[in-house]
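Worksheet for the structure shown next.
Bear in mind these aren't lab numbers, they're just calculated from the coordinates by the rules spelled out. Being a predicted model, the structure only gives us computed values, none of them experimental. Glycine also receives a Cβ, built like all others from the backbone with ideal geometry; neighbour counts cover every protein chain displayed.
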Amino acid sequence: MSSWWKSAVVYQIYPRSFADSNGDGVGDLPGIESRLDHLSDLGVDVVWLSPIYTSPQADNGYDIADYQGIDPMFGTLDDFDRLLAALHDRGIKLVMDLVVNHTSDEHPWFVSSRDGGPDGPHRDWYWWRPPREGFAPGAPGAEPTNWESFFSGPAWSLDEASGEYYLHLFDRKQPDLNWENAQVRHAVYAMMRWWLDRGVDGFRMDVINLISKVLPLRDGAPNGHGALGDGSPLYTTGPRVHEYLQEMHREVFDRYPDRELLTVGETPGVTLEEAIAFTDPNRREVDMVFQFEHVGLDHGPGGKFDPVPLDLRDLKASLGRWQVELGSVGWNSLYWDNHDQPRAVSRFGDDGAHGRASATALATLLHLHRGTPYVYQGEELGMTNAPVTSIDDVDDVESRGFYLQQAAAGHDPEVLLDGIRAMGRDNARTPVQWSAEPGAGFTTGTPWLAVNPNHTWLNADAQRDDPASVLAHYRALIALRHDEPVVADGDFTMLAGDHPHVYAYARELDGDRLVVVVNVSSEPQEVALADLAPAGTALGDVVLANLTDPTPPEDDAVRLRPWEAWARLARGTSTAP
Ligand code: TEU
C-alpha cells in the first residue's frame with residue numbers, strides 16, 4: 001500500500017458545528033455537502049469526520065449507540081452515501097472516527113450486558129467488578145479501583161440492580177468495552193469492514209491506546225491517571241494493544257490490499273518509543289498517531305485548565321525529537337487544533353493585534369514539518385477562542401465536570417472559568433464562521449453553541465478572494481506540500497534551537513534545501529545567518545511568506561517582523577549525505 005498520505009493534508013470536520021442545512025441550529029451532512037467547494041478550493045486531500053453515528057450526545061457523539069446508524073440530527077445513511085460520493089468525485093477521501101474503547105450506555109451491547117445481569121450473554125463485553133472488598137455497593141470508596149475519569153470523578157459507576165460497578169474512563173455514559181473478549185474485537189472488525197465496504201477510506205481511532213488494560217485491574221498512583229506508583233501504565237498503551245492492532249490489521253485492512261486507506265491512532269499519553277512501535281510500517285498497526293506531548297507543554301501544575309506560558313525552546317525540543325526519532329522510522333501527524341484543543345491562534349499566537357500574522361506564522365511552522373498536517377475546521381480562517389461569561393455558556397462535558405468538581409472543592413469559580421476560557425474544548429466547537437450574517441452563515445436558526453461575535457469580520461466570505469488572508473496562506477501551504485517533494489519526503493534538522501523566539505528548521509532531499517524561519521513573538525527578532533545556512537550555502541528563493549516583501553537576509557543576520565514567517569528553497573545545494 002503506497003504511503004500516499006505522506007504528501008496529503010487532512011481536514012477535520014466536527015459535524016455539529018460545520019454547516020446546518022435545515023435551520024435546527026446543528027450542523028448536518030447536507031450542510032457539509034453544501035460547503036465542498038471550500039474544501040476543494042483549500043486543496044485538502046482527506047476529510048476526517050468526527051462521529052455522526054446514533055448517539056445520546058453525552059460527549060457530543062463520542063458515545064455511540066449504533067455504529068452503523070446515522071444520528072437523525074446529522075441526517076440519514078442516504079445523506080452519508082451522497083456526501084461520500086460527492087467527496088470522491090472531487091478526489092477527496094473520507095476517514096471516519098472509530099470510537100471503540102467505549103460505547104454509549106444506550107448501545108444494545110451495554111443494555112444487554114447490564115440488564116442481562118452477571119450471567120447474561122454480554123456481561124463480559126464490558127468491565128464489571130464487585131465493590132472493593134469490605135465495602136457495600138454505593139458506599140464511599142467502594143469503587144473497585146481508585147481510577148479517576150478523564151472527565152472528573154470516579155471511573156466506575158454502580159449498577160444498583162446487580163450491585164456491581166462498570167468501568168468508564170470517560171463519562172459514566174461511556175462504558176469501556178472489554179477488548180480481552182475476542183467477541184468484542186471481532187464485532188468491531190466486522191463493523192469496520194462494513195464501513196470500508198461502503199466506500200470509506202480509513203479511520204481515525206479514538207483513544208485506541210487505552211483499549212488494553214493491565215490485569216488484574218488494580219489501584220493506580222493517587223491522581224496518577226492510569227499509572228502505577230512507578231509510572232508504569234494501568235491502561236495507557238497497555239500490554240496487548242499492539243497485538244490487538246495487528247489483529248485488526250489482519251482482520252480488516254489486509255482484506256483491502258488495493259485500497260489507499262489511512263489509519264491514524266489517537267494515543268493520549270503515548271511515548272515516542274511507543275509511537276515508533278505503533279507507526280513502524282513493518283509492524284502493520286497504524287500509519288500514524290496523534291501524540292500529545294507538544295499540546296501538554298503549557299499545562300501548569302494544576303493540569304490542563306491551569307495553563308502556563310509556552311517556552312518555545314521546550315516546543316522545539318519536543319517537536320524536534322519527534323521529527324528526528326519518529327520520522328526516521330514511522331510517521332508523524334502534525335496538528336495544533338482539533339475538537340479537543342483550544343484555538344492555536346489564541347493559545348500560542350496573538351489573536352489581538354497580530355491575529356492574521358500569528359495564525360499564518362503558526363501554520364507555516366507546523367505544515368512544513370515532516371508528517372501529515374491536519375487542518376481543523378476554521379483553523380484555515382484563523383478562528384479564535386470564544387468568550388465565556390458563565391459556566392452556563394459552557395457545553396462540554398469535560399469542562400463542566402472539571403468546574404463542578406473543583407467548585408465543590410472550594411476553588412474560586414472565576415479562576416476555574418479562566419482556565420476554561422483558555423483551554424476548554426468549546427473554543428474549538430463554536431460554529432464555523434462562513435459569513436458576517438447573524439448565524440455566521442452556519443445556520444438560519446439558533447446555533448446549538450453561540451457563534452463567536454468576531455464572525456462579523458472573521459469569516460470565509462471576507463477571506464476567499466483576499467490574497468493576504470489566512471485562508472490564502474493555507475492554500476499556499478497545502479499547494480507547496482503537493483508540489484515540492486522536499487516538504488513531504490525531506491529529512492529534518494532543527495536550526496537555532498536555543499533561540500527563545502525564533503523557530504527555524506531545514507528540510508533536505510536530493511539536493512534541495514528548504515529553510516523555514518518563523519518569528520513566534522509579537523516583537524521584531526533577528527537570528528544569525530550562520531545558524532540558518534552553513535558557510536557558503538545560499539538560503540535560496542522565497543517559496544512562501546506570510547508578510548509581503550519578506551526581509552532579505554543581511555550580511556550576518558536575518559531580521560524578522562512580529563510573527564513573520566518565510567520558507568526559502570535552495571535547489572541542488574544540499575549538504576545531506
Ligand atoms: O479524546 C481523548 C482525550 O484524551 C481527550 O480527553 C483529550 O485528552 C482531552 O479532551 C484534552 O483536554 C477523545 C476524543 O477526541 C474526545 O473528544 C472524547 O471526549 C474522548 O476521546 C472520549 O471519546
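Listed from fewest to most Cβ neighbours within 10 Å, the set Ser328, Ser212, Ser358, Ser113 follows the order Ser328, Ser212, Ser113, Ser358.
Which of the peptides 280-291, 507-518, 400-411 is most tightly packed, and how do the rest follow, judged by the mean count of other Cβ atoms within 10 Å per residue?
507-518, 280-291, 400-411
Extension gain for the segment His411 to Arg283, taken as residue separation times 0.36 nm less the Cα-Cα distance, is 41.4 nm to one decimal. The label point for Asp230 and the one for Glu325, both projected 7 Å from the Cα toward the Cβ, are 2.1 nm apart.
Counting beta carbons within 10 Å around each of Ile52, Ile92, Ile478 and listing the fewest first gives the order Ile92, Ile478, Ile52.
Give me the extension gain from Ala557 to Asn181: residue separation times 0.36 nm, minus the current Cα-Cα distance, reported in nm with one decimal.
129.2 nm
Each residue in His455, His122 was given a count of other beta-carbon atoms within 10 angstrom of its own, and listing them fewest first yields His122, His455. The alpha carbon centroids of region 152-214 and region 440-461 are separated by 35 Å.
Remark on Phe292: its backbone amide H falls under 5 Å from those of Gly269, Val270, a criterion applied only to residues 5 or more positions apart or on other chains, H modelled at 1.01 Å from N.
Cross-linked pairs Lys6/Lys304; Lys93/Lys316; Lys213/Lys304: Cα-Cα separations exceed 26 Å for Lys6/Lys304; Lys93/Lys316.
Summarising the strand pairing of region 182-330, around 30 percent of its internal DSSP beta bridges are antiparallel.
In the chain, the calculated helix contribution to ellipticity at 222 nm averages -7000 deg cm²/dmol per residue, counting -39,500 (n - 2.57) for every DSSP H run with n ≥ 4.
Put a dot 7 Å past the Cα of Ser7, heading toward its Cβ, do the same for Asp393, and the two dots end up 4.5 nm apart. Taking 0.36 nm per residue of separation and subtracting the Cα-Cα distance, full extension of the segment from Leu215 to Trp457 would add 81.7 nm.
Hey, quick one: spin label on Glu251, modelled 7 Å out along Cα-Cβ, who in region 37-71 has an amide N within reach, i.e. under 20 Å? Zone members listed by number: 64-69.
Loop-only check: which GluC sites (Glu not before Pro) in region 131-235 are DSSP coil with at most 14 other Cβ within 10 angstrom? Numbers along the way, then the final one.
Details: sites: Glu133, Glu148, Glu160, Glu164, Glu180; in loops: Glu133, Glu160, Glu180.
Passing sites in region 131-235 are Glu133, Glu160.
The string of couplings for region 379-385 from the Karplus curve (6.51, -1.76, 1.60, θ = phi - 60°) is 4, 5, 9, x, 4, 10, 4 Hz, one whole number per residue in order, with x for Gly and Pro. Within the chain, DSSP assigns beta bridges of which about 65% are antiparallel (rounded to the nearest 5).
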